[in-house]
Structures are given as C-alpha cells and as structure tokens.
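S.K.: One structure, as structure tokens, below. Some questions next.
The values are calculated or read from the model by the stated rules, or taken from the named source; none is laboratory data. Since the structure is predicted, the reported quantities are computational estimates derived from the model, not experimental observations. Here the Cβ positions follow ideal geometry from the backbone for every residue, glycine too, while neighbour counts run over all protein chains shown. Surface areas here come from the heavy atoms of the whole protein model, side chains and all, with no ligands, DNA or RNA. Shrake-Rupley method; radii C 1.70, N 1.55, O 1.52, S 1.80 Å.
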Amino acid sequence: MEFAGSHILSVGQFERADVESVFEVADAMQPYARRRKVTRVLEGAILGSMFFEPSTRTRVSFGSAFNLLGGEVRETTGIENSAIAKGESLYDTARVLSGYSDVVAMRHPEVGSVAEFAAASRVPVINGGDGSNEHPTQALLDLYTIRSELSAQGRGIDALRIAMVGDLRFGRTVHSLCKLLCLFDRVSVTLVSPDELRMPQEIVESLRQAGHVVVQSDAMEEGIAHVDIVYSTRLQEERFASPEEANLYRGRFRLNQQTYTRHCDPNTVIMHPLPRDSREAARELDDDLNENPNLAIFRQTDNGVLVRMALFALVLDVVDQVDVHARDV
Ligand code: CP
C-alpha cells in the first residue's frame, strides 16, 4: 500500500509486506523512543487527537509518539467536550478539525464512525478504535510484540499457536489481530469464550480461508495448553445491553499464576491489550502474574509508542528524514 497521505482505518488495508514495513520502521524508532537520540522531524506539525471514548494508553501513546518525532498534540476528549454534543455532524467536525491538524488520531464508540470522519477529512486519519469493530494500531503493536517475543525464542510469526480468551464478540483488538494473522502462514488459533461471546463468524471464516486451524471452545484450561501466546481480553461491558447481562460472564475466564503453571508450557507468553479489570469478581488476568517474566503486557504498551511513531512517519512521509533531523542525547 501507499502509506503517504493514507488513512489507517482497518487492518484489511495491509498486505504482509506493509506490516513488515511498519515493523522495520518501528525497529528504527527504538533509539528515539528510549531517548538515546532526539529528532525534530515533525517540528511544526500538529496531531489532532480526538478520543470520544475512554482511553489511557492509545490516546497517550499516540501523543507521546508524535511528541517524540518533534510534533505537537491538540487533544479533544469526550463527546461532551466537543460541539458534537450540540448536534454537530462528524462531517462538519472533520472539515473543521482537519484544517487545524496535519494528521488525526480518533476513537469513537460507533462502528464505522472513524471511516465516516476520514471521508470528510483533509488530512490522514488513524483509527484508534471504532466501537466493537476494529483497533488497527493495537493489532499492529500486538503482532509486533508477538514477533519480538518469539524472536527471543528463535521463532517467527509463521506457525504461531495462539489462544485468544474472553469476550471475543465485542473485543475489537482480537478482531483486528485475527485479520492480520490471515496474512501469515500455518497459524493455529484457539478461541476460548462463552458461546454467546464467540468471535464473529466472518472472522473465523477468514482465518480458515487463510489455511489456519481454528478451534472454538469454552474450556480455558485446555485452550491455553501448548500455545506460544495466551491473549486474554477484558469483558467489554460497555457494549452489553445492561450490567446485569455483563454479570453473567464476569470473571468466567481468570488466568492466574497457578492456572498458568498447571496448564501452560513454560515459555508461553501472556498478552492482554489492557486495561485489565482489577475488580475482584471481574478479574481476567491476576496481579500474581506480575512477576512472571512471560507476562508481556507492559512490553506491549511500550511497543505501542514505536508502532505509532512508525505509522506517523510513514503516513506523513518522513521516514527518510528522521535521522537527518536527529542528534544524539
Ligand atoms: N488497549 C487500549 O486500547 O487501551 P486504552 O483503552 O487505554 O486506549
């Protein structure tokens, strides 16, 4: 794909070579993210960061990534703080805000809303999550993390064995990750969820059409055995009709150190897009895993900065200039 000037709305836009390009640029961003080097390549540029749904890491890491490239960030958080609360359309909002920014990162609770915004925007728009639909930058950082964790074991992404556990119906991160995995070879995917919260059937079909082995189950202990990655997810209670309905599934699949030791292979990497639920009855990933060296959740969040720096550099077409505008610290 041609990155320069493009919106990043769905992982469906990417071929395998595109994903590999993002990862190559993300690797090159490490000295800047770790502040061993400083670049001003985006000096004078403005990121319009518009998060109309709660976010900690996606919003802040988009901002940090842009700052680390020398640009500035203007944030709008919450529909109640924007003129959308007065009835302004996404079209008008996009026309206005794209006049104030060089690129926009946006999250919105409705499926398709970021694409609708992008269609009216005069600058590239990056999807930070649209309802239960997609979270493409999370999927890229997740796959980047998988690549990095497996590389430490002398492995690549092909022939990956992964178990995804939890609310696979509403969890947009697993939707996007499955779509990206379709670009790779010989992947085994075990989908562990209650029957009512299964992965959408069209995504399961895409995995099968890519030649991957897919098993659907509601038995976590079997599902997490003999896999390279356990990818746990939070119950997306904000997408349920009522808290009572969400209560039916709360705390159903809880991974703790004892379960891990009993059922997982010793090298199995534990991932989660975060936030994880810290309420006792709702936990899906226990704090007693915090000292487990295979817990990669905070390596994921760190990698989010690298991947988002890479996307900004590609979309704004400055990859070749990053080093030119750099100095050592
Ligand atoms: N993973 C993720 O999207 O986290 P936030 O909701 O904090 O952005």
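S.K.: Identify all residues within the stretch 35-49 that are within 16 Å of the ligand (Cβ to nearest atom) and in contact (Cβ under 8 Å) with a residue 60 or more places away in the chain; write none if there are none. I'd like the intermediate steps shown before the answer.
M.R.: Quick first cut of the stretch 35-49, residues within 16 Å of the ligand (Cβ to nearest atom) only: 47, 49.
The one that is within 16 Å of the ligand (Cβ to nearest atom) and in contact (Cβ under 8 Å) with a residue 60 or more places away in the chain: Leu47.
S.K.: Since His325 meets every condition but one in (1) touching a strand residue (DSSP E or B) at 6+ places or on another chain (Cβ under 6 Å); (2) open to solvent by 20 Å² or more (accessible area, probe 1.4 Å); (3) free of Cβ contacts under 8 Å to residues at least 60 places away in the same chain, which condition does it not meet?
M.R.: (3)
S.K.: Being outside any helix (DSSP H, G or I) and within 16 Å of the ligand (Cβ to nearest atom), is that true of even one residue in the stretch 55-67?
M.R.: If we filter the stretch 55-67 for residues that are outside any helix (DSSP H, G or I), which is where we start, we get 55-56.
Retained after the next criterion (residues that are within 16 Å of the ligand (Cβ to nearest atom)): 55-56.
The answer is yes, given that some residue of the stretch 55-67 is outside any helix (DSSP H, G or I) and within 16 Å of the ligand (Cβ to nearest atom).
S.K.: Further question: Just one of (1) assigned by TED's automatic domain parsing to the domain that holds Asp18; (2) more than 16 Å from the ligand (Cβ to nearest atom); (3) among the charged types (D, E, K, R) trips up Arg308, so point out which.
M.R.: (2)
S.K.: Quick test of your reading of the structure: Gln216 fulfils all but one of (1) under 21 Å from Pro200 (Cα atoms); (2) without any contact (Cβ under 8 Å) to a residue 24 or more places away in the chain; (3) open to solvent by 40 Å² or more (accessible area, probe 1.4 Å). Name the failing condition by number.
M.R.: Failing condition for Gln216: (2).
S.K.: Something else now. In the stretch 265-275, which residues are within 16 Å of the ligand (Cβ to nearest atom) and either open to solvent by 50 Å² or more (accessible area, probe 1.4 Å) or modelled with pLDDT under 95 (or both)? Walk me through it before giving the result.
M.R.: Start the filter on the stretch 265-275 by keeping residues that are within 16 Å of the ligand (Cβ to nearest atom), which leaves 270-275.
Matches in the stretch 265-275: Pro275 only.
S.K.: Still on this structure: Suppose we filter the stretch 69-82 for residues that are open to solvent by 40 Å² or more (accessible area, probe 1.4 Å) and more than 15 Å from the ligand (Cβ to nearest atom); how many remain? Walk me through it before giving the result.
M.R.: Narrowing the stretch 69-82 to residues open to solvent by 40 Å² or more (accessible area, probe 1.4 Å): 72, 74-75, 77, 79-81.
Right, trim to more than 15 Å from the ligand (Cβ to nearest atom) and you get 72, 74, 79-81.
Count: 5.
S.K.: Report, by residue number, each residue of the stretch 176-196 that is in contact with a His (Cβ under 9 Å, 6 or more places away or on another chain) and either of a type in the set (Ser, Thr, Tyr) or modelled with pLDDT under 95 (or both).
M.R.: Ser176, Ser188
S.K.: Just one of the numbered conditions (1) in contact with a Lys or Arg (Cβ under 7 Å, 6 or more places away or on another chain); (2) open to solvent by 10 Å² or more (accessible area, probe 1.4 Å) is not true of Ser151; which one?
M.R.: Every condition holds for Ser151 apart from (1).
S.K.: Can you confirm whether the stretch 241-264 contains a residue that is at pLDDT below 95, open to solvent by 20 Å² or more (accessible area, probe 1.4 Å) and within 16 Å of the ligand (Cβ to nearest atom)?
M.R.: Looking for residues that are at pLDDT below 95, open to solvent by 20 Å² or more (accessible area, probe 1.4 Å) and within 16 Å of the ligand (Cβ to nearest atom), one finds none in the stretch 241-264, hence no.
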